[in-house]
Amino acid sequence: MGAIASALQACLSRVGNACENVNRPAGCATLLAVSKTFPAEAIREAWNAGQCRFGESYVQEAQVKLAALADLDIEWHFIGPLQSNKTRFIAEHFAWVHGIEREKIAQRLAEQRPDTLPSLNVCIQVNVSGEASKHGVAPEEALALAHAVAVLPHLTLRGFMAIPEPSHDPVVQRTRFGVLADLLVQAQQAGLPLDTLSMGMSADMEEAIAAGSTLVRVGTAIFGVRTYL
Ligand SMILES: *Cc1c(COP(=O)(O)O)cnc(C)c1O
């Protein structure tokens, strides 16, 4: 077995064990393979090992890889920062966008999503680490943005996403993930049919899954250490 295939298997076992340890059903959290900075061949290797969902963060890099992998039926997730002049490619080629933090960007994606494609799945990015992070809306603003995005055509609001600042204290991490989990419950109680908590990466997927993550975004543990970005 190749290095990527065995790392992928190890990751899937980590996810499975993490679910089991907190009495959540096996497969409670989907594995998104974060392939940013790695070449198309690495993605193809993971695909051949059974992985079908991949996350990219940079539009220009994604354009090259999507073209090189057009023969594969990959579910592409855009997880990077969104710039308004780059939304069209995302709207036309991705299945999911995780980093919605402004209504204006969501409107652009809604306008640019082709009628021929299923609606674009989106998550609102929330800043759960306070001043340490520049990205994401404040937790107090998340529900208002969720209501505004939920009514846009061609988009399906699925839930919330967070990238907490790294912490060596698992209790701190769980508290931050817990903020996102509480928001999902509040939004559901307010009538929004959401089902996704996009949280957890290579270093903290266990804490995220313990707090209710339904989708972990994992790069390093599958593809290795990134040499840039
Ligand atoms: C790069 C990235 C990841 C993957 O991080 P790893 O620590 O390599 O697993 C996850 N989510 C987002 C938004 C990223 O940009």
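What to note about this one:
- Matching entry among 163, 222 (being closer than 30 Å to residue 2 by Cβ, open to solvent by 20 Å² or more (accessible area, probe 1.4 Å) and either assigned to a helix (DSSP H, G or I) or out of contact with any helix residue (DSSP H, G or I) (no Cβ under 9 Å at 6 or more places or on another chain) (or both)): 163
- Residue check, residue 99 in contact with a Gly (Cβ under 9 Å, 6 or more places away or on another chain), part of a loop (DSSP other than H, G, I, E, B) and surrounded by 15 or more Cβ atoms within 10 Å (Cβ to Cβ): no
- Residue in the range 87-94 that is within 16 Å of the ligand (Cβ to nearest atom), open to solvent by less than 30 Å² (accessible area, probe 1.4 Å) and of a type outside the set (A, V, I, L, M) present: yes
Per-residue answers, yes or no, for (1) among the aromatic types (Phe, Trp, Tyr); (2) closer than 23 Å to residue 95 by Cα:
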{"site": "159", "(1), (2)": "no, yes"}
{"site": "165", "(1), (2)": "no, no"}
{"site": "172", "(1), (2)": "no, no"}
{"site": "182", "(1), (2)": "no, no"}
{"site": "185", "(1), (2)": "no, no"}
{"site": "195", "(1), (2)": "no, yes"}
{"site": "210", "(1), (2)": "no, no"}
{"site": "222", "(1), (2)": "no, yes"}
{"site": "228", "(1), (2)": "yes, no"}
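- Qualifying residue in the range 113-125 (condition: closer than 14 Å to residue 163 by Cα, within 16 Å of the ligand (Cβ to nearest atom) and in contact with a helix residue (DSSP H, G or I) (Cβ under 8 Å, 6 or more places away or on another chain)): yes
- Taken across the range 61-71, residues that are of a type in the set (Lys, Arg), under 19 Å from residue 199 (Cβ atoms) and modelled with pLDDT of 95 or more do not occur at all.
- Of everything in the range 91-124 that is β-branched (Val, Ile, Thr) and touching a strand residue (DSSP E or B) at 6+ places or on another chain (Cβ under 7 Å), the residue that is nearest to residue 154 (Cα to Cα) is 122.
- Among residues of the range 98-120 that are closer than 17 Å to residue 150 by Cβ, those with a Cβ under 7 angstrom from a residue that is more than 16 Å from the ligand (Cβ to nearest atom) and charged (D, E, K, R), sequence gap 6+ or separate chain, pair up as 119/113; 120/113.
- Number of positions in the range 130-152 that are of a type outside the set (Gly, Ala, Ser) and free of Cβ contacts under 8 Å to residues at least 24 places away in the same chain: 5
- Count of the range 59-82 residues which are of a type outside the set (Val, Ile, Thr) and either touching a residue at least 40 places away in the same chain (Cβ under 8 Å) or in contact with a helix residue (DSSP H, G or I) (Cβ under 8 Å, 6 or more places away or on another chain) (or both): 13
- Per the conditions (1) part of a loop (DSSP other than H, G, I, E, B); (2) at negative phi, the sole criterion not satisfied by residue 191 is (2).
- Between 44, 53, 24, the distinction of being open to solvent by 50 Å² or more (accessible area, probe 1.4 Å) and either within 16 Å of the ligand (Cβ to nearest atom) or of a type in the set (S, T, N, Q) (or both) belongs to 53 only.
- Criterion: more than 22 Å from residue 156 (Cα to Cα), touching a helix residue (DSSP H, G or I) at 6+ places or on another chain (Cβ under 9 Å) and at pLDDT 95 or above - qualifying residue of 12, 8, 31: 8
The values are calculated or read from the model by the stated rules, or taken from the named source; none is laboratory data. Quantities reported herein were computed from a predicted structural model and do not represent experimental measurements. A quick note on method: Cβ atoms are made from the backbone with ideal geometry, for glycine too, and the neighbour counts reach across all protein chains shown. What goes into the accessible areas is simple: the full protein's heavy atoms, side chains included, and nothing from ligands, DNA or RNA. Shrake-Rupley method; radii C 1.70, N 1.55, O 1.52, S 1.80 Å.
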